[in-house]
1. For the range 119-134, give me each residue that is touching a strand residue (DSSP E or B) at 6+ places or on another chain (Cβ under 6 Å) and surrounded by 15 or more Cβ atoms within 10 Å (Cβ to Cβ).
2. Scanning for something in contact with a strand residue (DSSP E or B) (Cβ under 9 Å, 6 or more places away or on another chain), in a strand (DSSP E or B) and buried (at least 18 other Cβ atoms within 10 Å of the Cβ), does the range 43-58 turn up at least one residue?
3. Pairs, please: C-beta under 9 Å, at least 6 apart or cross-chain, first residue farther than 15 Å from residue 90 by Cβ and in the range 51-79, second in a helix (DSSP H, G or I)?
4. Residues in the range 19-39: is at least one closer than 30 Å to residue 136 by Cα and out of contact with any strand residue (DSSP E or B) (no Cβ under 6 Å at 6 or more places or on another chain)?
5. Looking only at the range 66-98, count every residue that is over 21 Å from residue 135 (Cβ atoms) and either outside the structural domain of residue 54 (by TED's automatic domain parsing) or not in a helix (DSSP H, G or I) (or both) and tell me the total.
6. For residue 146, which of the numbered conditions (1) over 18 Å from residue 74 (Cβ atoms); (2) under 22 Å from the mean Cα position of the chain (by Cα); (3) part of a loop (DSSP other than H, G, I, E, B) fails to hold?
């Protein structure tokens with residue numbers, strides 16, 4: 001829908017990877033892997049990449065039971081057994097969603113505590129369908145064409161167990177892939193682009209929108225403006 005609307009208003013959509021942006025006089029030079037473009041202004045809406053588990057089976061089963069967006073894909077696993085790996089607010093939000101959708105949820109995290117308030121943890125555990133797996137991490141995803149299970153390692157004693165699950169939700173945070181912008185616009189310590197309330201960056205003529213910026217609230221649709 002967004003693409004259709006953009007084309008309707010005259011936008012030309014080109015699928016390519018930007019490798020550098022520089023300024024030459026009054027214009028910006030945008031180099032991609034196969035072309036060069038010139039513009040008087042640039043809007044950066046490159047988003048973020050999910051941080052991956054980097055374990056065997058992850059790449060093969062990505063989008064085949066492995067999800068990096070719980071709020072997007074939770075409804076697909078209604079009444080199924082799933083696992084979520086992650087800690088802190090992002091994982092907390094995911095578990096709160098899954099507990100009301102899935103039959104059972106294994107919450108796997110590498111620390112002793114999941115990093116949430118006691119009141120929130122009590123709310124998560126009230127339905128008795130969330131099983132906590134502290135001091136643990138997923139070391140392998142199992143399945144032939146679809147996720148069928150995971151191998152979980154206890155980080156304290158090194159023991160491993162196999163859990164049968166239909167889905168794995170990875171909530172390990174996101175990475176701002178903005179290395180190519182260093183020295184061009186101001187970035188914060190997370191690599192996010194610093195903007196003002198008008199979306200202006202530190203470099204006149206360059207604007208930014210969406211998850212890649214340092215605004216507090218993140219959601220997929222904010223970069224559509």
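The values are calculated or read from the model by the stated rules, or taken from the named source; none is laboratory data. Every value quoted in this text rests on a predicted model; they were computed, and no experiment measured them. Neighbour counts are summed over all protein chains in view; Cβ atoms, including those assigned to glycine, are modelled from backbone coordinates with ideal geometry.
1. 124, 129, 130, 132, 133
2. Within the range 43-58, one or more residues are in contact with a strand residue (DSSP E or B) (Cβ under 9 Å, 6 or more places away or on another chain), in a strand (DSSP E or B) and buried (at least 18 other Cβ atoms within 10 Å of the Cβ).
3. As it stands, the answer is 65/77; 77/98, since those pairs meet every condition given.
4. no
5. Of the residues in that region, 8 qualify.
6. It is condition (1) that residue 146 fails.
Each row is one residue, and each column tells you yes or no for (1) in a loop (DSSP other than H, G, I, E, B); (2) exposed (fewer than 14 other Cβ atoms within 10 Å of the Cβ); (3) modelled with pLDDT under 90.
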| residue | (1), (2), (3) |
| --- | --- |
| 13 | yes, yes, no |
| 16 | yes, yes, no |
| 21 | no, no, no |
| 30 | no, no, no |
| 34 | yes, yes, no |
| 38 | no, yes, no |
